[in-house]
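Structure, as structure tokens:
The values are calculated or read from the model by the stated rules, or taken from the named source; none is laboratory data. Small disclaimer: the values here were computed from a predicted structure and weren't measured. Heads up, the Cβs are rebuilt from the backbone with ideal geometry, glycines too, and the neighbour counts pull from every protein chain shown. Side chains are part of the model used for accessible areas, which takes the heavy atoms of the whole protein and leaves out ligands, DNA and RNA. Shrake-Rupley method; radii C 1.70, N 1.55, O 1.52, S 1.80 Å.
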Amino acid sequence: MTSSEINAYDGSLGDLVHRLTQSFIAEHGEPPTWIVAAPGRVNLIGEHVDYNDGFVMPMAIERYVAMAASERKRDDRGIASVRSVNLDVFAEIDLTKIPTPPETPSWMSYVEGVFAGFMQKLGPESTQKIPPLNILLESNVPVGGGLSSSAALEVATATLLEAVTGVELGKAEKALICQKAEHDFAKMPCGIMDQFSSVFGQANAFMLLDCRSQEIRQLPFSSDGISVLITNSNVKHELVGGEYAQRRKGCDSALTKIGASSWRDVTMGQVDAAEATLTATERQLARHVVSEIERTERAAEAIEANRWEALGDLMYQGHASLRDDFKVSCKELDLLVDIAKAIGREGGVYGSRMTGGGFGGCTVTLVDSDKVVEVSQQILKAYKEQSGVEAQLFASRPAIGAHVISRSPS
Ligand code: ADP
Ligand code: MG
């Protein structure tokens, strides 16, 4: 038994695609012409530094948004109909013009933003190059859990449009069109990590993504002895005060006061030297950013040397920094990390930390593969007892990025 059988998120990509195909046939009376999929991601280390010119270390996970489509017959309205099976929502996109950003974002904004970016790329007469479509999608990426269901949705959309039109985007170009959709249409000023992970994911590798140069170094992770466990705290605290925007602003103002143009060039010595000019909050933000960039570089070295204990220590340190300095954790995430830490090396745990934006969502934990089941059960039990909330948990290997699953001959 593997941990993914313990609870919650069911199924492989194969199961997901099979279910989606059946739903498509039930709704449209024929199998889809195209099926594509794009994965979510988990970030092993390097948090809140993607928008600060840092390094991040994501892997794509074996949880996907799968999208199926076929051409609409006898359509004279020039629309793409889009339905999400798992959220049970439906919308239409008018293909006779390039979509413009909405006043109020909704789930469709992610899809529509990618249509807009793709149509711009197609250039003049782009409106004639995408046929009317029926699109159905289903996902087993937890929604809003910090595993980037939104980027998976965007990248799946871009991959579908590539398959439908035969126009292939460059990989980085595709990720950037998706990021722009999230910025302009969903109004979420995210960094590049989520979309790059979903596009560039490879089996058996972490990615060290340089958010300044946008270069990726693949870090082979073929060790079967180590597993990555993802635990969803199943809480998401409402943010009322523009928490993320505040932190970004604080990072920017600290950088200006330090007198540098990129966080990559800043040392802890410079942060200390600028201490008198920084507010207490700016000092803490600066400390997190500089130390987290360094931790992520050291984590890459640890992986290349198969030094899992060193990697685990860096994860614990990263969590403490996010909790105490960047202040984006919450009691449930702290509890999950504390439970993992208490299980300890003898119990099979190397390290654990919150992952994603924070204030809820998931933790990522490095575990001995032969102890995954035991560790999972201990985490679920202790978390339920101490928080009253049921966590969900699965193990994942690094997964292959967005790809076309099938295309029927026309
Ligand atoms: P995360 O990316 O961490 O899962 P976000 O808040 O960035 O969280 O994105 C979640 C949003 O993305 C959802 O509220 C919804 O609007 C959209 N979304 C994600 N998955 C789906 C899906 N399967 N069907 C429809 N919308 C989805
Ligand atoms: Mg997201």
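Quick check on segment 147-157. Is at least one of its residues within 11 Å of ligand 1 (Cβ to nearest atom) and over 21 Å from CYS190 (Cα atoms)? Within segment 147-157 (the criterion being within 11 Å of ligand 1 (Cβ to nearest atom) and over 21 Å from CYS190 (Cα atoms)), the answer is no, since none of the residues qualifies. In segment 45-62, of all residues being in contact with a strand residue (DSSP E or B) (Cβ under 7 Å, 6 or more places away or on another chain) and open to solvent by 10 Å² or more (accessible area, probe 1.4 Å), the one that is nearest to TRP34 (Cα to Cα) corresponds to GLU62. Over 28 Å from LEU209 (Cβ atoms), in contact (Cβ under 8 Å) with a residue 60 or more places away in the chain, away from ligand 1 (no atom under 16 Å from the Cβ) and of a type in the set (Lys, Arg): does that describe ARG72? It is true that ARG72 is over 28 Å from LEU209 (Cβ atoms), in contact (Cβ under 8 Å) with a residue 60 or more places away in the chain, away from ligand 1 (no atom under 16 Å from the Cβ) and of a type in the set (Lys, Arg). For LYS187, state whether it is basic (Lys, Arg), touching a helix residue (DSSP H, G or I) at 6+ places or on another chain (Cβ under 9 Å) and either within 26 Å of ILE79 (Cβ to Cβ) or within 16 Å of ligand 1 (Cβ to nearest atom) (or both). For LYS187, the condition - basic (Lys, Arg), touching a helix residue (DSSP H, G or I) at 6+ places or on another chain (Cβ under 9 Å) and either within 26 Å of ILE79 (Cβ to Cβ) or within 16 Å of ligand 1 (Cβ to nearest atom) (or both) - is met.
Let me spell it out: the conditions are (1) closer than 28 Å to GLU301 by Cα; (2) in contact with a strand residue (DSSP E or B) (Cβ under 8 Å, 6 or more places away or on another chain), and ARG345 meets all of them except one. Which number is the exception? If we test ARG345 against (1) closer than 28 Å to GLU301 by Cα; (2) in contact with a strand residue (DSSP E or B) (Cβ under 8 Å, 6 or more places away or on another chain), just (2) comes out false. Look at (1) away from ligand 2 (no atom under 15 Å from the Cβ); (2) of a type outside the set (A, V, I, L, M); (3) in a helix (DSSP H, G or I) and you find that GLU168 fails only one, number (3).
Residues of segment 341-356 that are in contact (Cβ under 8 Å) with a residue 60 or more places away in the chain and either open to solvent by 30 Å² or more (accessible area, probe 1.4 Å) or away from ligand 2 (no atom under 16 Å from the Cβ) (or both): TYR350, ARG353. For segment 77-103, the set of residues classified as within 15 Å of ligand 1 (Cβ to nearest atom) and modelled with pLDDT under 95 consists of ASN86 only.
Does LEU239 satisfy the criteria of being within 16 Å of ligand 2 (Cβ to nearest atom), crowded, with 24+ Cβ neighbours inside 10 Å and within 20 Å of the chain's Cα centre (by Cα)? Judged against the criteria, LEU239 is not a match.
For segment 371-404, give me each residue that is in contact with a helix residue (DSSP H, G or I) (Cβ under 8 Å, 6 or more places away or on another chain) and open to solvent by 60 Å² or more (accessible area, probe 1.4 Å). Once the filter is applied, which keeps residues that are in contact with a helix residue (DSSP H, G or I) (Cβ under 8 Å, 6 or more places away or on another chain) and open to solvent by 60 Å² or more (accessible area, probe 1.4 Å), segment 371-404 yields GLU374, GLN378, GLN386, GLU390.
Pairing residues of segment 387-399 that are under 15 Å from VAL375 (Cα atoms) with residues that are assigned to a loop (DSSP other than H, G, I, E, B) and hydroxyl-bearing (Ser, Thr, Tyr), at Cβ distances under 7 Å and at least 6 apart in sequence or on separate chains, gives GLN392/TYR9; PHE394/TYR9; ALA395/THR2.
With respect to ASP325, is the statement that it is out of contact with any helix residue (DSSP H, G or I) (no Cβ under 6 Å at 6 or more places or on another chain) and open to solvent by 10 Å² or more (accessible area, probe 1.4 Å) true? No, not satisfied. Under the condition of being more than 16 Å from ligand 2 (Cβ to nearest atom) and in a helix (DSSP H, G or I), the residues counted in segment 113-151 number 12. Screening LYS257, LYS249 for residues that are open to solvent by 10 Å² or more (accessible area, probe 1.4 Å), touching a helix residue (DSSP H, G or I) at 6+ places or on another chain (Cβ under 6 Å), outside any strand (DSSP E or B) and more than 21 Å from VAL364 (Cα to Cα) leaves exactly one candidate, LYS257.
If the condition is being within 11 Å of ligand 2 (Cβ to nearest atom) and in a loop (DSSP other than H, G, I, E, B), then segment 171-190 contributes ALA186, MET188, CYS190. List pairs: first in segment 164-184 and within 17 Å of ILE130 (Cβ to Cβ), second more than 15 Å from ligand 1 (Cβ to nearest atom) and open to solvent by 60 Å² or more (accessible area, probe 1.4 Å), Cβ under 9 Å, 6+ apart or cross-chain? Final answer for the pair search is VAL164/GLU71; THR165/LYS129; VAL167/LYS121; VAL167/LYS129; LEU169/LYS121; LYS174/GLU168; ILE177/GLN120; ILE177/LYS121.
A quick yes/no check of all residues on (1) within 16 Å of ligand 2 (Cβ to nearest atom); (2) among the basic types (Lys, Arg); (3) under 15 Å from the mean Cα position of the chain (by Cα):
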{"site": "THR159", "(1), (2), (3)": "no, no, no"}
{"site": "PHE196", "(1), (2), (3)": "yes, no, yes"}
{"site": "VAL199", "(1), (2), (3)": "yes, no, yes"}
{"site": "ALA203", "(1), (2), (3)": "no, no, no"}
{"site": "MET207", "(1), (2), (3)": "no, no, yes"}
{"site": "SER222", "(1), (2), (3)": "no, no, no"}
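Return yes or no: is VAL42 surrounded by fewer than 22 Cβ atoms within 10 Å (Cβ to Cβ) and more than 30 Å from GLU125 (Cα to Cα)? Against the criterion (surrounded by fewer than 22 Cβ atoms within 10 Å (Cβ to Cβ) and more than 30 Å from GLU125 (Cα to Cα)), VAL42 does not qualify.
Evaluating SER109 against the criteria (1) within 10 Å of ligand 1 (Cβ to nearest atom); (2) closer than 30 Å to GLU47 by Cα; (3) modelled with pLDDT of 95 or more; (4) open to solvent by 20 Å² or more (accessible area, probe 1.4 Å) leaves one unmet condition, (4). Is it the case, given these coordinates, that ILE79 is open to solvent by 20 Å² or more (accessible area, probe 1.4 Å), of a type in the set (A, V, I, L, M, F, W, C) and more than 16 Å from ligand 2 (Cβ to nearest atom)? No; evaluated as a whole, the condition is false for this residue.
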